[in-house]
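No value in this document is a laboratory result; all are computed from the given coordinates. Everything numeric here is computed off the predicted structure, so don't read it as measured data. We place every Cβ from the backbone using ideal geometry, glycine too, and count neighbours over all the protein chains shown.
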Ligand code: MOS
């Protein structure tokens, strides 16, 4: 962008307290520096209330550069604006800050968890049916364990970045975001200006996994910087800043207690979990939600709590809640199978529910049984010797494990527009996003199929607030929601053109009409969620090899079977599933944002020390099976979505396979070699 200046953020080096002094004189004198913004000279911002589905509850938000308070390590305390990124980076090192530190905590082990004060999405923080404690006490076989998942960070290859440019009172943001309209709404609330005055452009997102669902402080800083500098300002987070400037998957601690009869029927489930959150926002995951309906059980207690700490607010990270809660639940189910001397697939089949026992509603469709069978067959599960350490390949210990997966079907209001041109080409648009699953491709495909045009004659556009509004590109809902809107708009346009052109063929009709035909559609869910429980289900089977001397685990094979409704594009969907599975390998074996309990710093905030899977970590066999599922209830397309379920169940299947290989039950992720030696 011509004339762009670069903003670099100075971040607090303490976790709690206030800024006692901040001296930016040397930074201001440095070459190329235009402005240094701190809480002392930054304009006061409106920070009007704004709450969207992706924003954490309480809604206090972190207010940047508005006062001297510091609530967490890495909080933005200054923005240095210079002609080049190098000049801004250098000058940022010259800002001198002293703090008056106050007591607080960044150590999750030292915080007493509390119930959240607000209800995220109406899901209760505590639920009980039957007499879980009594049934647990009376159970013939019992498991009662604690499972821990450390903080994990999203590590998309593309880091977050924003360019902000003002034209009078109108602002344009080129931003990494999974939801352009919410970014506009959020910044409008922060600045106290109408959202119509803000255009957000984000045609491509280089990975996000949830980190770009919300709008983070650097976007405000870019806009603020551009306003005071009187020219466009670009702010790009470094890899290190990705661990301080955007949210993360929170550290979770979960107790799961299972009671069962000797013939393997669940009689009691207690699932009690908590997670870290900040002092200024209550972020609370759906950690325990699947426990209410995944397996049949008359006596169930669930509770989710939060530990308020001097950290920045966590956020959604691929399959948020489900992937963590199901690691605990499905590890415990495997422990129960071992205690019962029962095959883990058989244990699950014996506890397959006939309906959603939490909501007391029928499932719109549930193919868990088909998934167990299809994946077990493909995997060759019947050849498994159940005895731990009984299977070997040379000096490697071989383990086979499995777990169940589920993720809710989400479908939210969406809009799309179609323009049919006289040459029978079509322009289709919706302000959706594509962080990697192939929204560009799949929406083009839905439009072409609905219009009856070859795919080359359809052009789809997304990622701009000037386009019809779409829901957040998250929660595995894009195909269900935006796909349905695209289909509806295309149907309208086609019907209209055929009627007006008096033809059976769209190309003929458009030639006869000789002018543009436009159609829009707004779609929204009906009352299906009152009548049905709607979820995708799956089963994940894993083979690991563990080096008995070095404790190294290699994942050799993964087979995942999913009942996820209609699969619009098998190629992109399989690719999504493989991505989720590899994410699950990272969760199981590698990922861990180490948080210094003394000061909240993340010493491994870099790609050298925060390990993620690379190609060499991906198993050579990754089989993805979609069991045929026709579900007319979920949405007009019959789609449930796969982006998140693909990651669910992978970590417990790996942990269970490691137990089978080694006889060691590891209940704290990641399962690194030190834990196996
Ligand atoms: Mo996903 S965590 O809803 O991007």
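Structure notes:
- Cα gyration tensor shape of region 1-72, rounded if a/c is under 1.5, else prolate or oblate by comparing a/b with b/c: oblate
- From least to most packed, judged by other beta carbons within 10 angstrom and beginning with the fewest, 506, 550, 115 follow the order 550, 115, 506.
- Sequence ranges 305-318, 639-652, ranked by mean other-Cβ count within 10 angstrom, highest first: 639-652, 305-318
- Cα centroid of region 489-562 to Cα centroid of region 93-153, whole Å: 36 Å
- Note on residue 4/residue 144: beta-carbon distance plugged into 1/(1 + (r/R0)^6) with R0 of 56 Å gives a FRET efficiency of 0.45.
- When each of the peptides 199-211, 481-493 is scored by how many other beta carbons lie within 10 Å of its residues on average, the order from highest to lowest is 481-493, 199-211.
- In units of the compact-protein estimate 2.2 N^0.38 Å, the chain shows a Cα radius of gyration of 1.00.
- Remark: 535, 633 ranked as 633, 535, counting other beta-carbon atoms within 10 Å and listing the fewest first.
- Per-peptide average of other Cβ atoms within 10 Å, ordering 570-579, 189-198 highest first: 570-579, 189-198
- P(r) weight above 26 Å for region 171-317, C-alpha pairs, percent: 44 percent
- Spatial separation of Cα centroids for region 272-287 and region 614-641, in angstrom: 29 Å
- Cut-off 18 Å, label 7 Å out along Cα→Cβ of residue 382, residues of region 313-339 by amide N: none
- If the chain linking residue 265 and residue 170 were pulled fully straight, counting 0.36 nm for each residue of separation and taking away their Cα-Cα distance, it would gain 28.0 nm.
- FRET efficiency for the residue 504 to residue 441 pair, using the beta carbon distance and R₀ = 30 Å, is estimated at 0.60.
- Taking the DSSP bridge list for the chain and keeping only pairs wholly inside it, about 75 percent are antiparallel.
- Theoretical gain in end-to-end length, residue 369 to residue 621 [0.36 nm per residue, Cα-Cα removed]: 88.5 nm
- Region 175-221 shape via C-alpha gyration tensor axes, a/c threshold 1.5: prolate
- Mean separation of Cα pairs under 8 Å and 6 or more residues apart, divided by the residue count, gives the chain a relative contact order of 16 percent.
- Taking 7 Å steps out from each Cα toward its Cβ at residue 240 and residue 196 produces label points 4.5 nm apart.
- Computed as a quarter of the hull surface, the mean projected area of the alpha carbon convex hull for region 356-509 stands at 15.1 nm².
- Here the contact order of region 49-201, divided by its residue count and restricted to Cα pairs under 8 Å and six or more residues apart, works out to 16 percent.
- Cα-based shape type of region 297-358, given that a ≥ b ≥ c are square roots of the gyration tensor eigenvalues and the cut on a/c is 1.5: prolate
- Of 140, 543, the sequence from fewest to most neighbouring Cβ atoms within 10 angstrom is 140, 543.
- Residue 355/residue 29 FRET efficiency (R0 60 Å; Cβ-Cβ; nearest 0.05): 0.25
- Gain on full stretching of the segment that runs from residue 609 to residue 228 - 0.36 nm per residue minus C-alpha separation: 133.4 nm
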